[in-house]
Each structure stands twice: as structure tokens, then as C-alpha cells.
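The values are calculated or read from the model by the stated rules, or taken from the named source; none is laboratory data. Predicted model only: the values in this text are computed from it and were never measured. When we count neighbours, we look across all protein chains shown, and the Cβ atoms used for this are built from the backbone with ideal geometry, even at glycine.
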Amino acid sequence: MKNSIHRSRNKDLGLAELVAIALGGMVGGGIFTILGVSVALIGTLTPIAIIIGGLIATLAAYSYVKLGLYYRDEGATYSFYKKTYPKSPFSASVIGWFVIFGYISTLALYAYTFSSYAISSTDFADNIWIRKTVAIGIIGLFTLINVWSVNGMGKIEDLMVYTKLIVLSVISVVLIKHGNGSFEHFMDTMKIDVEKSSAFTILIVASLTFVAYEGFQLVINAVDEMKNPEKNIPRAIYTAIALAILIYVVIAIGALFAIPIENIIKDKEYALAAGAQQVLGKLGANLVILGAILASSSAISGTVFGSSRQMAVVASDGYFPKWLAVKKNNIPKNAIISMAGMAGILILLGGLELILEFGSITFLLVSLLMAIANYKIKSKTNSSSLLTLLAIIGLAVGGLLILYYEFTHKATQMLAIIAIYGFLALGAWIYSKEKKRKEIKNQNL
């Protein structure tokens, strides 16, 4: 996110820069995190689930593109919903709460990925509390950077984005080339996995991968600074999603070629690093660790930067405590520190899967609300009823599938997720009622 905002200062963003913005937001460590979880459920069918997840993301992107072109508002998700439902304070409040806490969950996910890989070659690799401590520590580091010195970080962000894409590509090619597996063995294993796995399970995994595509909407944040928005917004978003699918699929295939499935499942928090070390030795492991750290670092920094500013906007509208909107030297320090603190609490309370599943459900839900908003004004946005309805159905089914998986496998975790949503809805309702009360009071004065 920060990447996109700093780029926007350069003015006249072209297609190549916009694609980089979206890829910088999407390829943020998600593939490193979802790989082990996915392989544990469906084995070599993981690339298929990743592709389906990408198709769901493409359907979700359709409404973002249409709303982005219609409203031309860099506030994106929150602003779109607020403008579509201007007479419903609760609608604006709830989307603000869901979006911000969705970003908090991805911040926790990226930090968890960073820590898992950062300590993967040490004796503490399997120590959950060391992992959580490192995760909270890296959030703290980027929080300090964002609070005290944001100047010049834009160039660092750009460097990390491009470098991580190169490193990820190298990792994929090296794993495929030097892996012990063969294409024939891979296909034979896939046939076995097809017989063992149901289409239902594949769809569940596809829904879980949705969080790895979160970030494409960052293009819209730069709508005021880009060349030819009418053409470049859809081109940039759809191109970036297609490239993300390609990157994720190639990495997944490389891992499945080179690393025994049982090892990917066993070391799921840092499967790529462990597998690369077996195939290529210490150098291979260090290459993967570098890729994961670069990917997660750029995403942590960007998420802290961009989402804190969006939190300040929501607070200034009266849907969060007003003190979160306070800025000093144009930096929303209170919002930055609050987001970091809540991400730290989420890391302490939950493990990798809770954070991953909460993040996926949240962005499925937010994207569903965007699709519903787009359908409401489809004549104004010139949207296809069929594509918008397909998006609504696909996103709703995806969210329900994750909840079903939680209910059948981890009922306690599902209850925790539902409780979090209940808390968010309650908070949104309280602040929307208070805002409405103040508006009525002002009208009567």
C-alpha cells in the first residue's frame, strides 16, 4: 500500500507502474503461507485450487473496477460503499470496520510469514512463542519506521517489490530444475490425489487462497495520478491478478516437484525453505528465506502505511474513535500504533491457520459487499448483471465453504471467528448510531 501512495506522488502513473503496485500488494508472502495448508488438504491439486482462487479474485475485481471507474475516488472500498448507501450510516460503518480489521489480519499474516522463515534455519524454528515474538517485533520495527521516518521509504518499497519478484521467479525455476521428482511421477501422484480429494475440498482450499490475492484494489488508490484511468485501471488489475496466479502456480509446482509432500505438510509454516535446503543445501534455503523476507517485509510496511491512513479517514467520518484521526506532520501516529497493537494481539491469540482463515473470510466478505453495491447501481456503472451475480454467488459460496470447513474441523476456531465478527458488527453499529444521533442533534440546533 505504501508503495502505491509513494508512487502516486510521481504523477502520471502508467500501466507498468500500476501493475507493479497491484503485484506489490498481492505477492506479500501469502504463497509462502498458504502452500503448506493447501498441500495438507489436497496435495498436488494445490495449483488447481490456486487457479480457482485467482478466478474468484478476478470476479471480485470486476466490481472494484466498475466502481473505481464510476466514483474515481482514491478512498476505494470504504468510499465506494459510503457513496452507494449514503443514507445508511451503518453500511458505511460496517464496511469501514471490516476493511480495517481485514488489513489487520493480513498484517498479522505477513508478520507470521516473516518470522516463520526468518527463524526457519535456527534451532528455534518450531518454537511457537519465538515465532510470535519475532512476528510482533517486525511489526514493531515497521511501525517505528512509519511513525518517525517515512521519507525515502517509497524507493525502498519499489526496490523490495521488484527484487522479491525476481527472487521468487528464480526460486521456482531452481526448484523445478533441481527437484528429484519427474513430470510423470507428479502426474501419477495427482491422479491419486484426484481420487482422494473431492471437488468440495478443492473449492474450500481455493477459498482459503483468496487472501493471497488481496491487494489488487490498491491500483484504485492512485486513480487521481494515473494516465488514462478508463483503460489502465482494468488492464492493470486483471494483468496483475493473471501474473500473480502464474507466480503462485509455478512456485507451488516447483515445491511439489522438489519437496516430498510429507515434508511440506510437516514444515508448513516454512515448507519452501526446509525443502530448498534438502534439494540445494544452505544456499537454496537462504534464497527462499530471502524471498519470503522481502515479500513479507514490503507487504508489512505497505499495509502499516496505507491501512493506517484509511483508518484515520474512517475515524474522521465518526466511525472509529476520533483520536485515531489525529495526525502529526501528516502522519496518523495513533492509527499506526493501534493497528500494529491489534495485529500483535491477533498473533498472540491465534496461529497461522486462524489468521489465514480470518483474513480470507474477511476479504471474501468485503468483496461480496462490493459486488452487492455494484449490482445496486449496475446501470450507472454499466456492469454486466451476469458477471456481477456470478461474483456475488462465488464470493458468498467461498465464505460459506470456509465456515463449513471450520465447523467440521475446528469448531472452537470457527466460534472465535464468529465472535470477532460479532464484535466488529457491534462496534460498527454503536458508532453509526452515535453519528446519526449527532447529525439529528445538529439539524435541530
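Condition test on Ile300, is it farther than 23 Å from Tyr70 by Cα, touching a residue at least 40 places away in the same chain (Cβ under 8 Å), more than 17 Å from the chain's Cα centre (by Cα) and assigned to a helix (DSSP H, G or I)?
no
Is it true that some residue in segment 275-289 is part of a helix (DSSP H, G or I), within 19 Å of Leu175 (Cβ to Cβ) and in contact with an Asp or Glu (Cβ under 9 Å, 6 or more places away or on another chain)?
yes
Could you please give the count of residues in segment 194-222 that are buried (at least 18 other Cβ atoms within 10 Å of the Cβ), assigned to a helix (DSSP H, G or I) and touching a Leu at 6+ places or on another chain (Cβ under 7 Å)?
Summing the residues that are buried (at least 18 other Cβ atoms within 10 Å of the Cβ), assigned to a helix (DSSP H, G or I) and touching a Leu at 6+ places or on another chain (Cβ under 7 Å) in segment 194-222 gives 10.
From the list Tyr64, Tyr70, Tyr78, pick out the single residue that is aromatic (Phe, Trp, Tyr), modelled with pLDDT of 90 or more and more than 26 Å from Tyr248 (Cα to Cα).
Tyr70
Given the structure, is Gly25 at pLDDT below 90, among the small types (Gly, Ala, Ser), within 30 Å of Leu272 (Cα to Cα) and surrounded by fewer than 24 Cβ atoms within 10 Å (Cβ to Cβ)?
The answer is no for Gly25.
Which of the residues spanning segment 327-356 are buried (at least 16 other Cβ atoms within 10 Å of the Cβ) and free of Cβ contacts under 8 Å to residues at least 40 places away in the same chain?
Pro332, Asn334, Ala335, Ser338
Does Asn180 satisfy being part of a loop (DSSP other than H, G, I, E, B) and either at pLDDT 80 or above or not basic (Lys, Arg) (or both)?
Yes; evaluated as a whole, the condition is true for this residue.
Does Val313 satisfy the condition of being more than 30 Å from Leu400 (Cβ to Cβ), touching a Gly at 6+ places or on another chain (Cβ under 8 Å) and part of a helix (DSSP H, G or I)?
yes
Among the residues of segment 89-139 satisfying the criterion of being assigned to a loop (DSSP other than H, G, I, E, B) and in contact (Cβ under 8 Å) with a residue 12 or more places away in the chain, which is surrounded by the most Cβ atoms within 10 Å (Cβ to Cβ)?
The extreme case among them is Ser120.
List every residue pair whose Cβ atoms lie under 6 Å apart, where the two residues are 6 or more positions apart in sequence or sit on different chains, the first residue falls within segment 40-58 and is touching a residue at least 60 places away in the same chain (Cβ under 8 Å) and crowded, with 19+ Cβ neighbours inside 10 Å, and the second residue, located anywhere, is of a type outside the set (Lys, Arg) and outside any helix (DSSP H, G or I).
Every condition considered, the pairs that remain are Ile42/Ser197; Leu45/Ser197.
Out of curiosity, is Tyr431 touching a Gly at 6+ places or on another chain (Cβ under 7 Å) and in contact (Cβ under 8 Å) with a residue 60 or more places away in the chain?
Judged against the criteria, Tyr431 is a match.
Tell me yes or no: at least one residue of segment 361-373 is farther than 24 Å from Gln310 by Cβ, without any contact (Cβ under 8 Å) to a residue 60 or more places away in the chain and not aromatic (Phe, Trp, Tyr).
no
Exactly one of (1) over 30 Å from Ile166 (Cα atoms); (2) among the aliphatic types (A, V, I, L, M); (3) surrounded by 21 or more Cβ atoms within 10 Å (Cβ to Cβ) is unmet by Ala292. Its number?
Unmet condition: (1).
Do we find that Tyr319 is outside any helix (DSSP H, G or I) and either of a type outside the set (A, V, I, L, M) or under 25 Å from Ser63 (Cβ atoms) (or both) in this structure?
Yes; evaluated as a whole, the condition is true for this residue.
Quick test of your reading of the structure: Ser379 fulfils all but one of (1) in contact (Cβ under 8 Å) with a residue 12 or more places away in the chain; (2) over 25 Å from Leu141 (Cβ atoms); (3) among the hydroxyl-bearing types (Ser, Thr, Tyr). Name the failing condition by number.
(1)
Output the residues belonging to segment 28-39 that are within 17 Å of Asp267 (Cβ to Cβ) and either of a type outside the set (A, V, I, L, M, F, W, C) or at pLDDT 85 or above (or both).
Selection gives Gly29, Thr33, Gly36, Ser38, Val39.
Let's see how each residue does on (1) over 30 Å from Asp267 (Cβ atoms); (2) small (Gly, Ala, Ser):
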| site | (1), (2) |
| --- | --- |
| Leu364 | no, no |
| Ala373 | yes, yes |
| Lys378 | yes, no |
| Ser384 | yes, yes |
| Leu390 | yes, no |
| Val397 | yes, no |
| Thr412 | no, no |
| Lys438 | yes, no |
